[in-house]
Amino acid sequence: MITILIFLLLLSTLVFAHELGHFWVAKKAGMKVEEFGFGFPPRLFGIRRGETTYSFNAIPLGGFVRILGENGESRDDPNSFSAKSRTKRFFVLVAGVVMNVLLAWFLLSAGFMFGLPSVLDEPMPSGAKVRDERIEVLFVLPGSPADTVGMKSGDKILSVNGEPAEVSDAARANIGKARVGDIVRLEIERDDESMTLEAVAAQITNDIVGVGVQIADVGVVRFSPPLAIIHGARMTANMIVQTAEGFWSLVLRLISGDGEQIEVSGPIGIAVMTGEMAKDGLGRLIFFAALLSVNLAILNILPIPALDGGRILFVLIEAITRRAVTHKIERTIHAFGFMALMFLVILVTYKDIAGIFAK
């Protein structure tokens, strides 16, 4: 129950920030905002202030903003979205994405003021204060020997084959000494309990023999407020680049037909990950929230019908052709896009549920 509440609070915060961007810029642009909804219908109750109804709805998964003329209708009304200039419409559409990026920056900056778990780069940024240094598992390759014996990301490596693990390079080199079929004994710490896992080394890639685990030196990093803001901005920019590259790689794999092994999580999968991050402390939860906010921004800017990027595409088409796409065509395309997205969400959710039962 706690996991569900944390997930709902996290998701609502991310979507609320996104919709608040649309709402604020639309108001500044002189557009009529008919409704600002907290959650999704059915509506529980609403409060009207001026021309806007602030509704509170039964499904607590974020929210929405309904702007007059957002689907191309009401072009004769000077206060409608469709009657405004292309510049104003563009800024309204992109405002949600900008808000999610700013939210990620705020979360990371605030986190670094108190301390965030981070991979320790060499050399460390000037002004960084580090505590709780350790060697930690960052990633476990699905189906690898490490995965088979139950190793998880977040595990602390204490020793490898009886040799104390002091730095990740030495631990990595120790694992790399193994040949195919050799047993690699890994003493780890998880939830303040120590355990020893024995993984059989295998051929991970053409030139790498190992157990399929990525490890690194990790610590809690803190900065003074000014440096935290600067480092938060840098990390947000890195997240944007890496997330965009990840989406692009996903698209290329789908186009090439290499999409069978792609792992994508829906709401249930994200809820499970939220619970795992919450168990690891507030720092990891803040980092995870920032990462989700960046993912939401990148996803929404993609030129997919029914998303912000799809609507921006119509504005750009209008700018190039000097004529607006008809209301009927735009509404139909967005409707099909929305149905396709809902089908994808249902499909991924089913996969998440099947995965949970399989485990």
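The values are calculated or read from the model by the stated rules, or taken from the named source; none is laboratory data. The shown structure was predicted, so the numbers you read here are calculated from the model rather than taken from an experiment. Counting neighbours? That spans all protein chains shown, and the Cβs are built from the backbone with ideal geometry, glycine included. Surface accessibility is based on the protein's heavy atoms, side chains included, excluding ligands, DNA and RNA. Shrake-Rupley method; radii C 1.70, N 1.55, O 1.52, S 1.80 Å.
Take the stretch 22-100 with all the other protein chains still there, run a 1.4 Å probe, and you get 50 Å² of accessible area per residue. Counting only alpha carbon atoms, the long axis of helix 282-301 and the longest principal axis of the chain meet at about 50°. Spin-label model, residue 182/residue 139: points 7 Å from Cα along the beta carbon direction are separated by 2.4 nm. Using a 1.4 angstrom probe on heavy atoms only, work out the carbon and sulfur share of the accessible area of the chain in %. It is 63 percent, rounded to a whole number. What do you get for the angle between helix 327-358 and the principal long axis of the chain? Use alpha-carbon atoms, 0 to 90 degrees, nearest ten. Tilt of helix 327-358: around 30 degrees. Take 219-226, 18-25 and order them by the average number of nearby Cβ atoms within 10 Å per residue, most first; the result is 18-25, 219-226. Among (i) 1.16; (ii) 2.06; (iii) 1.06, only one was calculated for this model; which label is it, if the read-out is Cα Rg over 2.2 N^0.38 Å? Computing Cα Rg over 2.2 N^0.38 Å and matching it to (i) 1.16; (ii) 2.06; (iii) 1.06 gives (i).
For residue 72, nonlocal amide neighbours, meaning residues 5 or more places apart or on other chains whose placed amide H falls under 5 Å from its own, are 82. Taking Cα centre as origin and charging only the Cβ of basic (Lys, Arg, +1) and acidic (Asp, Glu, -1) residues, the dipole magnitude of the chain rounds to 1860 debye.
The angle between the Cα long axis of helix 308-321 and the main principal axis of the chain comes to about 50°, on a 0 to 90 degree scale. Across the stretch 156-171, computed HN-Hα scalar couplings (Karplus, 6.51 cos²θ - 1.76 cosθ + 1.60, θ = phi - 60°) run 8, 7, 9, 7, 10, 6, x, 8, x, 8, 9, 9, 5, 4, 5, 5 Hz from first to last residue, x flagging Gly and Pro. Computed about its Cα centre, the charge dipole of the stretch 1-63 is approximately 180 debye, with only Lys, Arg, Asp and Glu carrying charge at their Cβ. In the chain, a dipole from Cβ-located charges (positive for Lys and Arg, negative for Asp and Glu) runs towards its positive end, and of 62, 184, 116 it is 62 whose Cα lies farthest in that direction.
Cross-linked pairs 129/152; 129/177; 27/84; 156/177: Cα-Cα separations exceed 24 Å for 129/152; 129/177.
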